[in-house]
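In what follows, a structure is listed as structure tokens, so that the remarks can point back to it.
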Amino acid sequence: MGVQTGNNWHVFSGPHVDIIIEVTGDEKVFHEIVAACTGRIVIPGSVAYLIAKLLEEKEALIRKLESETKKHALILQSTAEGMTVIDKNGRII
């Protein structure tokens, strides 16, 4: 994915950087980055963690729905083989 990490945020604060995710949890560091990197998006680590968890849950739900859909499709496909149609006179059609 190409996400760089390090312990000196100054190295990553060049003009080519659009988004910075501060994950130290240190409020002083967060405010330092915000002050130094005007015009760029600075995301606190807690928000980034929450977003990552939501995306993980979404992916898990999608996998579960796909699995359930396949299971239901198999059930429906197999029911046609076991069905018998009888008309109002009791004759098998």
Discussion item. Of a type in the set (A, V, I, L, M, F, W, C) and touching a Gly at 6+ places or on another chain (Cβ under 6 Å): which single residue out of Val23, Val85, Val3 fits that description?
Written reply: Val23
Worksheet item: Does Gly90 satisfy the condition of being surrounded by 11 or more Cβ atoms within 10 Å (Cβ to Cβ), among the small types (Gly, Ala, Ser) and at pLDDT 85 or above?
Response: no
Item to complete: Name the one entry in Thr24, Thr69 that is in a loop (DSSP other than H, G, I, E, B) and β-branched (Val, Ile, Thr).
Response: Thr24
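The values are calculated or read from the model by the stated rules, or taken from the named source; none is laboratory data. Small disclaimer: the values here were computed from a predicted structure and weren't measured. All Cβ positions, even for glycine, are placed from backbone atoms using ideal geometry, and neighbour counts span all protein chains on display.
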